[in-house]
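Taking it in order: structure first as structure tokens, then the write-up.
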Amino acid sequence: MRFVAAYLMATIGGNASPTKDDVRAILGAVGADIDEDKLGYLFDQVAGKDLAEILAAGSEMLAFGAAPATAAAATGGGAAAAGEKEEEKVEEKEEEGEDDIVFSLFDDE
């Protein structure tokens, strides 16, 4: 996560194509450890891609919550009720796990 955050910071700062050295400099400024394998993996994944394209693909992955409601509405009546029950179960599971989410940009994980 810290590598992605540093990459995005460099991009937002006006660098349209950050390098590994740019990301290292950002992370080094806050004293974060740099795992060269993870840094290399990030750059392998973003190579040749536009940031807007990457963010759009990520947004699609995060939009999973709306899919059951949309599918249930399209099928109609009884299926809609079943979809609502399924959606409630998914929401309950998400609420239970929300308190467990504690992270930092500088965690070693």
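FYI, it's all coordinate maths here, none of it is from the lab. Source: prediction; values computed, not measured. Note that each Cβ is placed from the backbone with ideal geometry, even for glycine, and that neighbours are counted across all protein chains shown.
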Return the pair list, or none, for Cβ contacts closer than 8 Å from residues in the stretch 53-64 that are over 15 Å from residue 11 (Cβ atoms) to residues that are β-branched (Val, Ile, Thr), at least 6 apart or on different chains. none
Please go through the stretch 25-59 and give me each residue that is among the charged types (D, E, K, R) and over 16 Å from residue 1 (Cβ atoms), ordered by number. 36, 44, 49, 50, 53
I want to confirm something. Restricting to the stretch 16-52 and keeping residues that are among the acidic types (Asp, Glu) and part of a loop (DSSP other than H, G, I, E, B), which single residue is nearest to the chain's Cα centre (by Cα)? 50
